[in-house]
Structures are given as C-alpha cells and as structure tokens.
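Engineer: Starting off with a structure, shown below.
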Amino acid sequence: MRWMVPFAVALATGVLSSWGVGGGTLLLVCMTLFLGVDQREAQAVNLLFFLPTAAIGLFFHRKNGFLDKEVWRQAALPGVLASLAGAFIATAVDVSLLRRPFGVFLLYSGASMLWSARKRK
C-alpha cells in the first residue's frame, strides 16, 4: 500500500506533462514536500521521468507534423549539453543553495501564468 501515493503522484504529473502543464516541476514539488524525498534525489528522478515523457512527446509531435526539423536540429545538441551541465552543477552544489532559486523560479512561473491568463481575459 505504500506505493499508492508515489504511483498517484507519478500518474498525475505524467498526465499534466502530456497536457503541457509542467509535470516535472510538479513532480519535484510533490516529492520534496509530500513524500519527503531529498531534493537531489527528486531532481534525479525528475530527469529520469522526463526522458521517456520527452521521447513520447517528440514521437507524437513528429507523427502529427508539429515538429520543425530545422529548429529541432539547432536546439537538440545545446539542449543536451545544457541539461548535462545543469545536472552536474546540481550534484556539485549544496542542496540548501538550490532551494531558494527553485522557489523563486516557481513563484515567477506561477505569477507569469496568472498574468498571461489575466491578459487573455
């Protein structure tokens, strides 16, 4: 029965990711706040969670003709290199230094979403 909450969190964030809501960010928050997972471990799980989600999204975007191949070619290598650099930095930095910038990022993201929703109305 201990697996039910983590399974529900993963399922919910997977569904939200497929809708473009940013399920990876939600996964990080749920794991660190509700499941008591260390932030570095949560980041590692988040990266592993992202890979199949991104691969499936890429497959279906290509299948449906929504993939701009030129943009993909230009973005793929820098994206991979930036991800590797970010993962390395995250493992080299003290966890307490990561919490504040991540919190600021979450606040900024939420405010941006609210602001853009207000503009559309």
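Engineer: Can you compute the helix-only [θ] at 222 nm over the chain? Use -39500 (n - 2.57) per DSSP H run of at least 4 residues, normalise by all residues, nearest 500 deg cm²/dmol.
Structural biologist: -27500 deg cm²/dmol
Engineer: To the nearest 10 degrees, how steep is helix 69-92 against the longest Cα principal axis of the chain, on a 0 to 90 scale?
Structural biologist: 10 degrees
Engineer: Rounded to the nearest 20 Debye, what is the dipole magnitude of region 28-121 about its Cα centre when Lys and Arg each give +1 and Asp and Glu each give -1 at the C-beta?
Structural biologist: That gives region 28-121 a dipole magnitude of about 580 debye.
Engineer: What is the extension gain from residue 113 to residue 99, computed as 0.36 nm multiplied by their sequence separation minus the C-alpha to C-alpha distance, in nm to one decimal?
Structural biologist: Result: 2.9 nm gained on full extension.
Engineer: Also, quick follow-up: Just to be sure I understand, if you calculate Rg/Rh (Cα atoms, Kirkwood Rh) for this structure, which of (1) 0.99; (2) 1.01; (3) 0.95 do you get?
Structural biologist: This structure yields the entry labelled (1).
Bear in mind these aren't lab numbers, they're just calculated from the coordinates by the rules spelled out. Since the structure is predicted, the reported quantities are computational estimates derived from the model, not experimental observations. For neighbour counting, all protein chains shown are included, and Cβ atoms are generated from backbone atoms with ideal geometry for every residue, glycine included.
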